[in-house]
Amino acid sequence: MPVSLLWAVDVYGRVYSLSTAGQQWEQCRNSQMEFKRVTAAQTCCWGIACDNSVYLNVHASDLPIRYQEDTYENQRWNPVDGFSDRLLPSDRWQWSDSSGLQHQPLNGFQLPSSTWEWEGDWHVDENLEGEPTEKEGWTYAMDFPAAYTKDKKWNSCVRRRRWLRYRRYKAMDTWAKIPSQQTTLPDPFSDISCGGWEISEEPGGRLSLWAVSLQGKVWFREGISHHNPEGSSWVEVPLPGEVVQISCGPGDLVWAVLWEGQLLVREGISRDNSKGTSWAVVESPNPEVGAIHVAVGMNVVWAVTKDNKVWFRRGVNSHNPCGSGWISMVGEMAMINVGLNDQVWAIGCEDRVVYFRQGITSSELSGKTWKAINVPRDGDRSHSSASASSLHSAGCFFSGEVRAPSVASDAELDIEHPPGDGAISNAPLHCPEPCVDAHKNTSSELCIEPLKPHIPKVTSDSFISELVSDRKPAKTDAESVSSAVLEEEVVPGEGEVNVLSSDAITCTQSGGPPDPQWSNVDLEEAQIQHVQTGAVPDSADSCSLSSVATYTLALEDQYGADEHPLWAWVSGGGCSVDSHSQLNWFNCPLNTSMLQSVQSMSLSVSPAQTAAWRKQIFEQLTERSKREMDNFRHYEQAIEQSVWVKKGAMQWWRDWKPHKWIDVHFALEQFSGADGNKDGILFIYYNYHEEKKYLHAFINEVTILVPVLNHSKHTFAIYTPERTKQRWPIRLAAATELEMYDWLALLSVSCCDSRGIQGPPSKQAIWSITCKGDIFVSEPSSALEATPYPTPCDQMFWRQVGGHLRLVDCNSLGIVWGIGYDHTAWVYSGGYGGGFFQGLASSTDNIYTQTDTKSVYIYENQRWNPVTGYTTRGLPTDRYMWSDASGLHECTKTGTKPPSPHWTWVSDWAIDYSVSGGTDREGWQYAADFPASYHGFKTMKDFVRRRRWARKCKLSTTGPWQEIPPIQLSDVTILPCSAQSSVDVVPLWAISNKGDVLCRMGVTLLTPAGTSWLHVGTDQPFKSISIGAASQVWGVARDGSAFYRGSVSAQSPAGDCWYHIPSPAKQKLKQVSVGRTSVYTVDENGNLWYRQGVTPSYPQGSSWEHISNNVRKVSVGPLDQVWIIADKVQGSHSLSCGTVCHRLGVQPMDPKGQSWDYGIGGGWDHITIRGNSMEPSRICLSSMTDPSPQAPRSPLPVRSTESSSALNLTM
Amino acid sequence: MLSVLFMTAGSCAFFRVHLCAGGPCSLCPTGKSNSSTMADDKDVLRDVWFGRIPTCFTLNPDEVTEREAEAYYLLLPRVSYLPVVTDKVKKHFLKVMRAEDVEEMWFEYEGTPLKWHYPIGVLFDFHASNTVLPWTITVHFKNFPDEDLLHCSSNSVVEAHFMSSIKEADALKHKSQVINDMQKKDHKQLWMGLQNDKFDQFWAMNRKLMEYPTEDGGFRYIPFRIYQTLSDRPFIQKLFRPVSPEGHAHTLGDLLKEMYPDALTNDGEQKRYQVLIHGIEPLLETPLQWLSEHLSHPDNFLHICVVPVPTD
């Protein structure tokens, strides 16, 4: 889980945030004013401040928000001037947009607001669809508009070039005022809510922002996106009534509360229409008591009624935004907020404490219990002195309110009272009947009657709400209240100054503590207005009263604020927690000294790894072993070593045809050696034609154990070198998942033991990832890169490391980074194990929770017929109407399951519009027939169509990986270097998932995660990046061309400029890898290219040379060794897709190598050998001439063939 | 579903067959671990478990024998108990003795009867830590010193003692919650792991006994015993928490300061005592909780021997 923030506003308007990793509220210090409301998203936080303006606080990110402005300069040729800006009258503007229709002179571009700045000056784009143009950047054509080429031809009559300039949003981490539109906004906003970022697949930044004005109108902020965080304008949304509060969920849910207490549901919100189309009305949960507050999430709606009761709406989802019914929940809350993952926060109506709803899961959306978040605020002590001043400004804020146009209407009069109603209802809390009766009796003036039974409880917890809510009607209670207050007043001796200051602010700050029942400062304010206009003496009374109240508050703040912060508003829209999150919010002692001691303790424990005492123990134990055992190895062991046999029933995918699962007995026999090392043999006992037979494999010959978990079978595959050659592993299926992992863990430990491998992977380790995201690591031997006889790569032993990744990169200093399917960046923590490895197979330190999400896709297919048009009725020969991409397998919405039991659905099926080839508005792609190439629009020749549906699923596992928030990545590369090289700061480059090129600062051995990103500007998004041993950085842009970054060095880690390198003819590159000197790329058609002519003086090289086809990915290492993932490899028994291959014969004079050696696969997706800088040992070279050193090497392959023939015999 | 059984190598016909089939080299490790890896706490557990003391057993010269008894050499596991690992010794000496001369076997080192219910490593550290190896133990078959030693008729007595120690330790650590949650077979697994020297088997279960809620910062109390030479009491055992009321992690030094301040060397003083755990002297600033998790004996107690510094 990345660290994220929960935002809250206290009753003085101070904004605080609480980190999911933190234990105290941090005040948002850079705000000069108080806030009424905040609404948070992950990237930013919106708020309404005391000046009634809307403010935006965009969280600082290493990735700047920048926008590319472009315009075209157009010229026409004439015989006199040649090309000149003298155009024909019918021509386009001399400066125009791409289409030529818009006049766009360079000086016509203005910064949209003061929060933007220009990043540089205008420059010419010298790249035409991946092809570099001449220096001036001109592209030629016969006439406008036409296809432009980079070459000038005899008939080129016009030319144009593109100018680029970037502007950058600069108001990061500060509250920037959104310029108001005075003409269209007659009244200030009273509520604001953002959400909607899940509606479209657009990457982060797109938001829906809804606001409510004091007059009850609803406004929508148009045009908020990543490139335009402020949005463009407010648009009023027509309403059937007057709204008091609105809530927008992350998805398409938007609910609002009407003055009258009913709820409004926005319908018709979709990807194309984030504003929605219409409102539907939902009655208040309690017909007698109207709703005052609503909060919506992805699939949930929570509401609070005027009696502070909490309600949960059943059956809410995208298709049914209105839901089906209310469920009454425990607790009395002033307000509720739903954050990410439908998690819920609330503020207690009595105690003003922020509560977290515990136990909310996707299957139990209503959660279990309310739990108070009891963490202190930062510098609570230091605040106390400041409290008077902040109080003062809070007063100013509310006095500002009073000057607002008087809008007190009859409707408001009605509304104004229910707070009192709400307040008193805490008295008859446990017997609602009398209350209801009271309502029945009084109907319209329901507020007056029930006041009588109310006796204010003068406790420190509740007195504010008592005082405030009872302000007007509580004259009878005033005495008791003020006496109580007086008692409190006597306490302090040094409070005189405060008395003065509180006197000074008297009436103006009467709204200081906002109405707890409404949590709505403006309603409060409306009350005051009414009070002031309607009944002056009363108001004076109430004002002085409440000023006393705030005074006491101030005192309390001074002496015991840590005990009891009072909150007014909370927003969890940016707070990413779920039911699994480990939060420190609840076990935090309020006593700050305790807090410090807790921290100091955890500090003293955590650097245990490096502590002297620990080192001492290791050293002494080693010494002890030497002293007590080394000279006595010949002694007999006291305990007889024995064989440990583990047996079980399994199914085996039999080797002979017809292949099928048959029941077998499976046994692992382990033998322990004297030094604790173990070895073993595994047996598969089966019946063949009634005859009992068995198959066996030596544990020390097993090269890898691959879990293949799916919904139908819990299977795993066992490979030996021979089985790898055959592409035919031993496939076994256990009865349950648990059993499978039991076996895998045991077998894995046995394999490692037999090879003497334990602990974390070495720095030289080779990492690879399967198409299921499982991570494997192999320890290279020095013979791996030897020539001419390297270790065959089917003999490499791979062991699994916990976690789930899509790609990984490393170098020989032991720095390893990975990227998940959800583009989250992870850094290797130095541990091992995790996942299903428990106990001894896993380190206790450095194992963390890791989550990943990915989408599952299915296709809806339709055929056109003349009568009914497109229908789900296909031809008998057609594919399934719901199918996978191939059309061969039926995949229905209900029948499709997540990839394995580890994955759980986290969203509903939704149409996927981001399909290559484009789609129409409903997501359809058309074609003449299945299967064919599809296009995103309908033509006369199309008879079939399909659309893709996506559903997100999530996996939660553990592994030695720590998240590097917050920027999502699509590629990463780390400087390969020799193990003994002393690099202090390790260059690391990455591509964000938006295509930005980033350079990581501060990556060292001690801080492998680095500290911050440096953005490297590019004129187009990138998709691959690689850095070589000499800091040569190569990238592949989205148009398929390559770029070389000039002058990258330790002094200038980001280099200075990009050199454009065209791709091989008619190919679009997709990946690049740079080793010591070699540069290899892979194109979209699976061709592997080597860059010719790369020299230190000309690092860009001269041309591309084709090396191989059938390549999915390449990794070039610090020895210029070349490893790939091959698409298809034919084995003796079967074909494998996604196979690790090693280029043989790579030598300094022959960097392209000779041929491929085939390793583990299929199903492999990624490999990095960039950590292996182990030079091949010299022995191998001498072995060419001297056969004797080779002798010990030969038994390995020979023995494996022997045992394999033995295997064949037993079959 | 899954069954785990134990056989000695001799009794496993299958195994021998395959040993031959695979050739002896099939059971040799083919690769050595990468030595560059940083040491992990798991290695400590391993080192502790596989600690061995080379021992020379000699028969008490007073015993009546038919012919001269040869000394018997054995590597004794530090974490085990004498009766568990001395079957071979008994067998060896019985060969030269008449059956009627044999009573209950007991061991003595330099005149001190060795208490079988202390782990072997503790006996060694306490009595013989600074002697020349191998450790020479005298074997007796008569004159059982009833006042010094408990009788041990069979390994089940050791098992009962071992399990009661584990239970006592868990009572201190977790109010017995963990051990009580375990099933009978889990208890058996702990004992079998020790008896058969199966590190993985033992730790697969013992791991649970070493867990504690993170927010507590450690066990409730640390199960420890301090053995001292100059005292009538066999050992010191009191309640001691891993974390101070102020939230600091207690160290070995803190424990000794409270339990046995004489063991500590004051400033300017000559070091008088060695504080030995598993034959090593951990630094006094070592956190007690860590020690308890990693340097406890299989009985879950931290056995600390305070012995005088050798004079020579």
Packing-wise, with mean Cβ within 10 Å as the measure, how do B:239-247, A:65-73, A:953-961 rank, highest first?
A:953-961, A:65-73, B:239-247
Relative packing of peptides A:1049-1057, B:171-179 - highest average C-beta neighbours within 10 Å first
B:171-179, A:1049-1057
Using alpha-carbon positions, the gyration tensor of the range B:149-248 gives root eigenvalues a ≥ b ≥ c; with a/c under 1.5 called rounded, otherwise prolate if a/b exceeds b/c, else oblate, the class is oblate
Three-way shape call for the range B:155-210 based on the alpha-carbon gyration tensor, with the a/c threshold at 1.5
oblate
³J(HN,Hα) across the range A:748-762 via Karplus (A = 6.51, B = -1.76, C = 1.60, θ = phi - 60°), whole Hz, x for Gly/Pro?
5, 4, 4, 4, 5, 4, 5, 9, x, 9, 8, x, x, x, 6
Averaged over peptide A:734-741, how many Cβ atoms belonging to another chain are found within 10 Å of each residue's Cβ?
1
Ranking request for peptides A:827-835, B:107-115: highest mean number of other beta-carbon atoms within 10 Å first, then the rest in descending order.
A:827-835, B:107-115
Summarise the partner chain shielding of B:193-204 as one whole number: the mean count of Cβ atoms from other chains within 10 Å of each residue's Cβ.
4
Virtual spin-label span in nm between A:Ser98 and A:Ala147, 7 Å along Cα→Cβ:
1.7 nm
Expressed in nm to one decimal, what extension gain is obtained for the pair A:Gln1051 and A:Gln32 from 0.36 nm per residue of sequence separation less their Cα-Cα distance?
362.9 nm
FRET efficiency for A:Asp663 and B:Arg98 from the Cβ-Cβ distance with R0 = 45 Å, rounded to 0.05, comes out at 0.20
Need the list of lysines near A:Lys153 for cross-linking: C-alpha distance under 23 angstrom, and skip anything on the same chain fewer than eight residues off.
A:Lys135, A:Lys1066
Under the definition of partner shielding as Cβ atoms of other protein chains within 10 Å of a residue Cβ, what is the mean value for peptide B:75-82?
3
Among the GluC sites (Glu not before Pro) within the range B:252-304, which fall in a DSSP loop and have no more than 13 other Cβ atoms within 10 Å of their own Cβ?
B:Glu269
Within the range A:1029-1058, what residues put their amide N at less than 19 Å from the label point 7 Å along the Cα-to-Cβ vector of A:Glu131?
A:1037-1043
Relative contact order (%) - criterion: Cα under 8 Å, at least six apart; region: chain B
16 percent
Shape of the range A:696-827, Cα gyration tensor, a/c cut at 1.5:
oblate
Over the range B:52-140, what is the percentage of antiparallel beta bridges among all DSSP beta bridges, to the nearest 5?
70 percent
With just the Cα atoms defining each centre, how far is the range B:137-215 from the range A:238-273? Give it in Å.
66 Å
Taking amide H atoms as placed 1.01 Å from N in the peptide plane, list the residues 5 or more away in sequence, or in a different chain, whose amide H sits under 5 Å from that of A:Ala568.
A:Val9, A:Asp10, A:Val11
Nonlocal amide H pairs with A:Tyr1059, under 5 Å, H built at 1.01 Å
A:Tyr1044, A:Arg1045, A:Gly1046
Which entries of A:Lys647/A:Lys713; A:Lys893/A:Lys1023; A:Lys646/A:Lys693 have Cα-Cα distances beyond 21 Å here?
A:Lys893/A:Lys1023
What ³J(HN,Hα) values, in whole Hz, does the Karplus curve 6.51 cos²θ - 1.76 cosθ + 1.60 give for the range A:292-302 when θ = phi - 60°, with x put for Gly and Pro?
10, 8, 9, 9, 10, x, 6, 10, 9, 9, 10
So what J values fall out for the range B:254-259 if you push phi through Karplus, 6.51 cos²θ - 1.76 cosθ + 1.60 with θ = phi - 60°, rounded to Hz, Gly and Pro as x?
4, 5, 5, 4, 7, 8
For the pair A:Thr1011 and A:Gln1092, the simple spin-label estimate (label points 7 Å beyond Cα toward Cβ) gives in nm 4.6 nm
Return the long-range amide H neighbours of A:Val645 (sequence gap of 5 or more, or a different chain), with a cut-off of under 5 Å between placed amide H atoms.
A:Gln670, B:Leu5, B:Met7
Unit charges on C-beta of K, R, D, E only; dipole of the range A:853-957, Debye:
180 debye
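Read-outs throughout are calculated quantities, based only on the coordinates presented, and are distinct from any laboratory measurement. This one's a predicted model, so the numbers in the text were calculated from it and none came from an experiment. Every residue, glycine as well, gets a Cβ built from its backbone with ideal geometry; the counts of neighbours run over all protein chains shown.
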